[in-house]
Amino acid sequence: MTLRVAPFETRTRQRTLREPTDDDVTIFRIARQLLRDALAEDRDGGRTSPVRLIGVSVSGVSQGAQLGLFDAARHTRLNAALDAVRARFGDGALDRASAREVKERRRFSGQRYR
């Protein structure tokens, strides 16, 4: 994770996973935690500069790598379905609610829940 704050100071953080993953939610959660840790470290050090850039990169990627034999098939099917919808309708077409902060969640219909 790369964090650039004013005036163009760049900080990087990284984490290595024990097991390979193709799960975007796992990558999102780790990146979010790295960002929170970096911002908390800045606050503790008395630095509260505005954020100019946040970047996430993944390395060690290999095509066709076999994951564990007993990985959850449900997650694999869900990821494939998400990829198919995004390929057809664009990256912003569908997202998991769990990948959003609670205050950012939106209703997909105009109906109010009782």
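The values are calculated or read from the model by the stated rules, or taken from the named source; none is laboratory data. If you're wondering where the values come from, they're calculated on a predicted model, not measured in any experiment. We place every Cβ from the backbone using ideal geometry, glycine too, and count neighbours over all the protein chains shown. The area values use the complete protein model at the heavy-atom level, side chains included, leaving out ligands, DNA and RNA. Shrake-Rupley method; radii C 1.70, N 1.55, O 1.52, S 1.80 Å.
Structural remarks
- Going through (1) open to solvent by 80 Å² or more (accessible area, probe 1.4 Å); (2) part of a loop (DSSP other than H, G, I, E, B); (3) without any contact (Cβ under 8 Å) to a residue 12 or more places away in the chain one by one, Arg29 falls short only on (2).
- Selection of region 1-19 for residues being acidic (Asp, Glu) and open to solvent by less than 90 Å² (accessible area, probe 1.4 Å) yields only Glu9.
- Residue in region 72-90 that is more than 24 Å from Arg11 (Cα to Cα), out of contact with any Pro (no Cβ under 8 Å at 6 or more places or on another chain), part of a loop (DSSP other than H, G, I, E, B) and at pLDDT 65 or above present: yes
- The sole residue among Ala93, Ala65 that is open to solvent by less than 90 Å² (accessible area, probe 1.4 Å), at pLDDT 75 or above and either under 23 Å from Pro20 (Cα atoms) or not in a strand (DSSP E or B) (or both) is Ala93.
- Residues of region 1-37 satisfying the condition of being among the small types (Gly, Ala, Ser) and closer than 30 Å to Leu78 by Cβ: Ala31
- Filter result (of a type outside the set (A, V, I, L, M) and closer than 30 Å to Arg74 by Cβ) within region 38-58: Ser57
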